[in-house]
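Novice: The structure that follows is given in the form of structure tokens.
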Amino acid sequence: MQIRPMRPEDLGEVIRVWNACVDAGEVLYYPLTEDYFRRKFVEGEGCEPANLLVAEEGGRVAGFIHGVAPETFRLARPGQAYLTCVLVDPARRGQGVGRALLEALKAAMKARGAAALSVSSVNPVNLDWRIPGTPGHDHNNMPGVDNGCAGFGFFGHSGFARRHDEVSMYINLADYRMPEGVADLRARLAAEGVYTGPYDAGQRCDFDGMCDRVGSDYWRDVLRTETAAWLAGEPNADQRMWADGIRPAGPRTILAAVTEGHIVGFTGPVDRQKSGRGWFTGICTDPLYERRGIATVLFNLLMQAFVEEGAAFSTLFTGTDNHAQKIYRNAGMRPVRQFSIMTLDL
């Protein structure tokens with residue numbers, strides 16, 4: 001068996017191995033096609049040909065692995081490499097193929113200056129997955145190792161440490177109804193001087209204070225990008241594309257909580273993907289304004305906006321111990337899968 005970088009002529013074999021795992025129900029990934037492979041592993045941010053390795057024996061691919069080296073994408077963390085996926089031909093299990101692939105990737109990442117190899121949503125190569133028990137509804141990224149996949153035990157046996165658990169939640173928007181009390185809660189916030197609803201970027205409200213207190217440059221980046229798009233009247237040139245690679249036709253709605261010229265809560269931007277998924281980056285509340293119901297109001301306004309946009313469903317993932325799960329459950333979301341963020345020191 002030889003571990004080597006993937007060649008163009010290996011693609012058919014890689015597709016065969018990938019889809020054998022999908023068809024057997026061992027992973028929740030989309031079936032692999034040439035176009036999907038090109039978009040995810042060739043043209044994607046952080047993709048380098050040397051970091052897609054195959055195990056080859058007798059002219060056949062027995063397995064493959066993909067990783068992302070440190071400092072090769074915009075949100076890279078110093079010294080942190082990422083494992084995207086490792087799949088082994090079902091007929092070659094138990095023969096050390098996965099272990100050999102992982103050892104080769106570890107050596108390659110260490111040579112690039114990596115101190116750790118992680119499986120997490122920070123990886124810029126986002127692999128779409130299908131939600132069990134739904135009519136093909138999907139999510140655009142796996143936040144870690146799927147606890148229900150056939151290879152979950154492989155990571156623990158290979159020395160990966162479980163750092164954090166995430167639960168993925170789902171709602172069929174045909175079933176969404178605004179919970180009782182949300183309208184009254186919104187009215188109470190308004191009486192206290194906190195507006196909740198679509199944000200007018202022309203107000204140029206400050207959001208740096210909230211982002212500083214939350215400790216998130218990611219939220220700062222999202223708000224800067226989306227408000228710049230509104231002020232320009234068209235999508236910002238730096239705006240990132242999402243799962244199906246479609247850029248919006250115009251600026252997207254931002255839902256915010258605003259008081260005295262400051263954004264103290266945020267969700268959105270409101271968008272509908274080709275698959276019918278209501279897409280958004282997440283939800284955030286300024287710590288100075290927590291426990292006042294802001295997140296509850298904004299999240300339900302988001303679900304309502306998705307329905308108005310014609311979205312069929314929505315998904316999110318959150319920490320298994322995150323108290324915000326109560327908000328999502330009250331809105332009708334249910335947990336569908338658990339994932340683990342895992343790290344291996346090199």
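The values are calculated or read from the model by the stated rules, or taken from the named source; none is laboratory data. Just so it is clear, the structure is predicted and the values come from calculations on it, not from any experiment. Cβ: placed from backbone, ideal geometry, glycine included. Neighbour counts: every protein chain shown.
Novice: Within region 109-157, restricting attention to residues that are part of a helix (DSSP H, G or I) and surrounded by fewer than 20 Cβ atoms within 10 Å (Cβ to Cβ), which residue is nearest to the chain's Cα centre (by Cα)?
Specialist: F152
Novice: Determine whether region 51-61 contains at least one residue that is assigned to a loop (DSSP other than H, G, I, E, B) and crowded, with 16+ Cβ neighbours inside 10 Å.
Specialist: Scanning region 51-61 turns up no residue that is assigned to a loop (DSSP other than H, G, I, E, B) and crowded, with 16+ Cβ neighbours inside 10 Å.
Novice: Looking at this structure, is R93 farther than 17 Å from K40 by Cβ, surrounded by fewer than 23 Cβ atoms within 10 Å (Cβ to Cβ) and out of contact with any Phe, Trp or Tyr (no Cβ under 6 Å at 6 or more places or on another chain)?
Specialist: yes
Novice: Suppose we filter Y218, Y170 for residues that are hydroxyl-bearing (S, T, Y), at pLDDT 95 or above and at negative phi; which single one remains?
Specialist: Result: Y170 is the single residue among Y218, Y170 that is hydroxyl-bearing (S, T, Y), at pLDDT 95 or above and at negative phi.
Novice: Quick check: is even one residue across region 63-72 in a loop (DSSP other than H, G, I, E, B), within 26 Å of the chain's Cα centre (by Cα), surrounded by fewer than 16 Cβ atoms within 10 Å (Cβ to Cβ) and among the acidic types (D, E)?
Specialist: Within region 63-72, one or more residues are in a loop (DSSP other than H, G, I, E, B), within 26 Å of the chain's Cα centre (by Cα), surrounded by fewer than 16 Cβ atoms within 10 Å (Cβ to Cβ) and among the acidic types (D, E).
Novice: All but one of (1) within 23 Å of P143 (Cα to Cα); (2) of a type in the set (A, V, I, L, M); (3) in contact (Cβ under 8 Å) with a residue 12 or more places away in the chain hold for A55, so report the exception by its number.
Specialist: (1)
Novice: Mind checking whether some residue in region 116-139 is under 25 Å from C47 (Cα atoms), in the same structural domain as T267 (by TED's automatic domain parsing) and acidic (D, E)?
Specialist: Looking for residues that are under 25 Å from C47 (Cα atoms), in the same structural domain as T267 (by TED's automatic domain parsing) and acidic (D, E), one finds none in region 116-139, hence no.
Novice: Looking at region 34-51, I want the residues that are assigned by TED's automatic domain parsing to the domain that holds I65 and have a partner that is of a type in the set (K, R) and modelled with pLDDT under 90 with Cβ atoms under 8 Å, at least 6 apart or on another chain. Which pairs are those?
Specialist: As it stands, the answer is E45/R74, since those pairs meet every condition given.
Matching residues to (1) surrounded by fewer than 21 Cβ atoms within 10 Å (Cβ to Cβ); (2) among the aromatic types (F, W, Y); (3) modelled with pLDDT under 95:
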position	(1), (2), (3)
E290	yes, no, yes
G310	yes, no, yes
T318	yes, no, yes
D321	yes, no, yes
M333	no, no, no
Q338	yes, no, no
M342	no, no, no
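Novice: Against the definition (outside any loop (DSSP other than H, G, I, E, B), among the charged types (D, E, K, R), surrounded by fewer than 17 Cβ atoms within 10 Å (Cβ to Cβ) and touching a Gly at 6+ places or on another chain (Cβ under 9 Å)), how does R177 come out, yes or no?
Specialist: Judged against the criteria, R177 is not a match.
Per-residue answers, yes or no, for (1) crowded, with 16+ Cβ neighbours inside 10 Å; (2) among the acidic types (D, E); (3) not in a loop (DSSP other than H, G, I, E, B):
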site	(1), (2), (3)
R4	no, no, yes
D10	yes, yes, yes
E13	yes, yes, yes
N19	yes, no, yes
V22	yes, no, yes
G25	no, no, no
L32	yes, no, no
D35	no, yes, yes
F41	yes, no, yes
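Novice: Residues A104, A81, A76: which one is surrounded by 16 or more Cβ atoms within 10 Å (Cβ to Cβ), assigned to a loop (DSSP other than H, G, I, E, B) and of a type in the set (G, A, S)?
Specialist: Only one candidate passes the filter, namely A76.
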